[in-house]
Amino acid sequence: MTDPARSETHADAPRPGTTPPTSAAEVDTHCPYCALQCGMTLRATPERVEVRPRQFPTNRGGLCQKGWTAAELLDHPDRLTTPLVRDRHTGKLRPASWDEALDRVTDGVTALQAAHGRDSIAVFGGGGLTNEKAYALGKFARVALRTRQIDYNGRFCMSSAAAAGNRAFGVDRGLPFPLADLARADTLLLVGANVAETMPPLVRYLVEQKQRGGTLIVIDPRATATARQATLHLQPMPGTDLAVANALLHIALAEGWADREYVEDRTTGFDAVRRSVAGYWPAQVERLSGVPVADLEAAARALGTAGTAIILTARGAEQHTKGVDTVTAFINLALALGLPGRPGSGYGCLTGQGNGQGGREHGQKADQLPGYRRIDDPAARAHVAGVWGVRPDDLPGPGLSAYELLDSIGSPDGPRALLVFGSNPVVSAPRAGRIQRRLSDLDLLVVADFVLSETAAMADVVLPTAQWAEEDGTMTNLEGRVLRRRALRPPPPGVRTDLAVIAELARRLGVTGPGMADADASGPTFPDDPRLVFDELRRASAGGIADYAGVTWERIDAENGIFWPCPAPFRPDTPRLFTTTFPTVDGRARFVPVEHRPAAEEVCPDYPLYLTTGRVLAQYQSGAQTRRVAPLRTAAPNAFLELHPDLAHRLGVVDGDEVRISSRRGEMRAPARLSDTIRVDTVFAPFHWAGVARANSLTNDALDPTSRMPEFKICAVRVERA
């Protein structure tokens, strides 16, 4: 049977260009925002760049408001078109030539490493970078800078689900099945996911699923736009999802809904999990979580008696100090029901950032090399070093995780310089006020961006870089489908691609680069042509977990994207994982017993409310881009604090009042927005705004012991009229 995800082709898609790209009247490409990577067509007119929806297997012609307005940033008046350096006399940023800016960077790096060692330089990447840029950035850190200090903002997004997936399945791919499976599930459980606002085109799969007579269950402390579409909404107290998952498994086992044959043939560790969930009586979990016993039983019944069922987790369940264990609890439930590997069934997580999947596969994560290889694995080091033309012993070891890296910068023993590509940690990091102070303590802060983000405004050097419609490359969406991003036009004069910046910095630091007269073909190179970089990435990833060796740009064009692993050009790709085996040593999935534990910070008389954070439809991530788009700014002009009317009455607050929200780490101010869709003991703030409205001034920097994910989704706060 033809897989619905492979049913369309674009064999006549434009051929990839070389660097720099040439202008085209029209190109098929993908949205620059979330991991759904909706297909779109860009058309150049004399007045502007037009966005048109495109029939692609993921979005099927749909776009959200962010996608429709994506091209408005291309010629925005805030666009950076010349490097900026901080004047040593006035302390202000001023325009500079590329030579002056790059000299400031390389001179600073060279001096600091001479005085303080190689690890005095750190690199911070982003989950929106193309595969080519993520790969080149990891290689640059380890070969040109020889530093172990590199991580990226995807640590704040996918790390808990990734760690749980690796532990249970031996692999981390957000969705181990095509997105079309969602519509085929008799029961679909969404945990901590508000896709109606974060990925609106995905909602059509939920609609199809319900139209087929399916059951949609949503677990969320807020009655979000997604939860309001659910057949059943479980509204737990923040931080209790793990207990809810264990209760669902407890009920499924008690009712005899486990797939004993699947468990026996395809898994290990079941008995330990069976014993561990025996104590999670529904009545006990109701007292702990606030979810009624009847709702727990109804949810377990819908999953346990379904012909096909899918369980999906997202940031609401994962951004906790027990995020890995919470995801593991839902994986245990999926394994007990025999879901992974069956069409229309399974466990998956909803990746957030545009290249959140590919961004963590190819080397910008502190503990990884390309192909999702571990950096402390001697065989992995030998393979990648051979591709890079260096000795394995010259590669540094694992570095610090994202928050630990940011928290160490500027300290006596930490990095003295930070190079930032595709991230805005001044807004997006937890306990952001502390991170902002750390950044100000650096000897050298370099930011590559196309607008002056809050982090770029603090930099010593700002490098203007190309936007998504001005460079070719690949992205890997939430299904593990490798896609082609195509350039409509070259960057404006004075603007360079990230690959060109990395290549030039490597050359200035004395590493062999393209076009050098004394270039040694066997030594490291840093090409700025994305096709050449991708071809090298294919070789570096060959044989790894995330094997791209068989992925080519031509094949992506012909097959509407290629699902990894794909080990050879003549072999099929892998839209569905786990059909016969798991990529573990013995081919079996792992049950892992996990126990509920409290949040790192509980409420108290001084801070009596729970704060949870999240996104709104019209804004994205730190908002540095979307807050500059007029229609999005009109739709969502400012931050707010959502609270229940009963709580507002107790506080003497009416709708629209400015309130001050305080935690042990900082405070924010925003207008109150009253809603009876949230728990009385919980308030909600979106995290897209900076300054006094910065929600991450409040959030807790406590980390999951395995993934090093900060606890964004719950902390104790006090609310009062400002």
Discussion item. Considering the Cα positions of the chain, please state its Rg to one decimal place and its Dmax as a whole number of Å.
Written reply: 24.5, 75
Worksheet item: Along the positive direction of the dipole of the chain (beta-carbon charges: Lys, Arg +1; Asp, Glu -1; about the Cα centre), which of Ala503, Gly170, Ala568 reaches farthest?
Response: Ala503
Practice prompt. Using DSSP, restrict attention to beta bridges with both residues in the chain and report what percent are antiparallel, rounded to the nearest 5.
Written response: 45 percent
Item to complete: May I ask for the percentage of alpha-carbon pairs in segment 263-390 that lie more than 26 Å from each other?
Response: 41 percent
Discussion item. Just to verify a number: FRET efficiency for Trp98 and Glu297, C-beta to C-beta distance, R0 = 45 Å, to 0.05?
Written reply: 0.10
Discussion item. Please report the carbon-and-sulfur percent of the accessible area for segment 154-207; probe 1.4 Å, protein heavy atoms only, DNA, RNA and ligands left out.
Written reply: 54 percent
Worksheet, complete the sentence: Taking Cα atoms, the helix 530-541 axis meets the longest principal axis of the chain at an angle in degrees (rounded to 10) of 60 degrees
Discussion item. Taking the Cα centre as origin and putting +1 on Lys and Arg beta-carbons and -1 on Asp and Glu beta-carbons, what dipole magnitude results for segment 184-244, to the nearest 20 debye?
Written reply: 200 debye
Worksheet entry | Accessible surface of segment 521-622 [probe 1.4 Å, protein heavy atoms]: carbon and sulfur percent | 58 percent
Discussion item. Over the Cα atoms of segment 123-169, what radius of gyration and what Dmax do you get, in Å?
Written reply: 12.2, 36
Worksheet item: Per the Debye formula with a single identical scatterer at each Cα and no solvent contribution, what log10 I(q)/I(0) holds for segment 459-509 at q = 0.13, 0.14, 0.24, 0.26 Å⁻¹?
Response: -0.42, -0.48, -0.94, -1.00
Worksheet item: Do any trypsin sites (Lys or Arg not before Pro) in segment 141-248 lie in a DSSP loop with no more than 14 other beta carbon atoms within 10 Å, and if so, which?
Response: Arg212
Worksheet item: Taking 1 over the mean of 1/r across every pair of different Cα atoms in segment 190-345, what Kirkwood radius in Å do you get?
Response: 15.7 Å
Response to the item:
The base-10 log of I(q)/I(0) that the Debye equation returns for segment 566-624 at q = 0.18, 0.20, 0.24, 0.31 Å⁻¹, one scatterer per C-alpha, is -0.88, -0.90, -1.03, -1.29
Worksheet item: Picking from Gln625, Val680, Phe640, whose Cα lies most toward the positive end of the charge dipole for segment 622-722 (charges on Cβ: Lys, Arg +1; Asp, Glu -1)?
Response: Gln625
Worksheet entry | Estimated 222 nm signal from helices in the chain, with DSSP H stretches of n ≥ 4 weighted -39500 (n - 2.57), rounded to 500 | -8000 deg cm²/dmol
Worksheet, complete the sentence: Projected onto their principal axes, the Cα atoms of segment 485-642 stretch, largest extent first, over whole-Å spans of 69, 54, 36
Worksheet item: Cα centroid distance between segment 76-139 and segment 586-612, in Å?
Response: 38 Å
Discussion item. Report the per residue volume, in Å³, of the convex hull enclosing the C-alpha atoms of segment 82-163.
Written reply: 141 Å³
Worksheet item: For Thr90 and Ala568 in the same chain, what is the full-extension length gain: residue separation times 0.36 nm, less their Cα-Cα distance, in nm?
Response: 166.4 nm
Worksheet entry | Cβ-derived FRET efficiency at R0 35 Å, Ala379 paired with Asp107, nearest 0.05 | 0.40
Worksheet item: Given H placed 1.01 Å from N in the peptide plane, which residues other than close sequence neighbours of Val683 have an amide H under 5 Å from its amide H?
Response: Tyr610, Leu611, Thr612
Worksheet entry | Under the Debye formula (equal points on every Cα, no solvent term), log10 I(q)/I(0) of segment 122-266 at q = 0.10, 0.11 Å⁻¹ | -0.52, -0.62
Worksheet entry | Net dipole in debye of segment 500-629 [+1 Lys, Arg Cβ; -1 Asp, Glu Cβ; about Cα centre; nearest 20] | 280 debye
Practice prompt. Kindly provide the pair-distance distribution of segment 653-704 built from C-alpha pairs, with 10 Å bins from 0 and whole-percent values in order of increasing distance.
Written response: 23, 52, 23, 2
Discussion item. Under a Cβ-only charge scheme (Lys and Arg +1, Asp and Glu -1), can you give me the dipole magnitude of the chain about the Cα centre, in debye to the nearest 20?
Written reply: 340 debye
Practice prompt. Express the accessible area of the chain per residue in Å², computed with a 1.4 Å probe while the remaining protein chains stay in the model.
Written response: 33 Å²
Item to complete: Quick one: divide the alpha-carbon radius of gyration of segment 439-577 by 2.2 N^0.38 Å and tell me what you get.
Response: 1.24
Worksheet entry | Overall Cα dimensions of segment 180-275 - principal axes, largest extent first, Å | 40, 30, 21
Fill in: Spatial extent of segment 51-209: Rg and Dmax, with the Cα atoms as the point set, Å
21.9, 67
Response to the item:
Length gained, Asp394-Glu658, 0.36 nm per residue minus C-alpha separation, equals 89.5 nm
Practice prompt. Starting from the Cα-Cα distance between Glu208 and Asp271, subtract it from 0.36 nm times their residue separation and give me the gain in nm to one decimal.
Written response: 19.0 nm
Worksheet item: Considering only Ala96, Gly154, Ala114, whose Cα is most displaced toward the positive end of the charge dipole of segment 74-212, charges sitting on Cβ of Lys, Arg (+1) and Asp, Glu (-1)?
Response: Ala114
Worksheet item: When all alpha-carbon pairs of segment 168-231 are counted, what percent fall beyond 13 Å?
Response: 63 percent
Worksheet entry | Inter-centroid distance (Cα atoms) of segment 142-159 relative to segment 238-276, Å | 35 Å
Worksheet entry | Modelled FRET efficiency - R0 22 Å, Ala722 with Asn638, Cβ distances, 0.05 increments | 0.95
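The values are calculated or read from the model by the stated rules, or taken from the named source; none is laboratory data. Remember, it's a predicted structure, so these values are computed and weren't measured experimentally. Don't worry about glycine lacking a Cβ; one is built from the backbone with ideal geometry, like all the others, and counts go over all protein chains shown. Please note that ligands, DNA and RNA were not included when accessible areas were found on the heavy atoms of the full protein model with its side chains. Shrake-Rupley method; radii C 1.70, N 1.55, O 1.52, S 1.80 Å.
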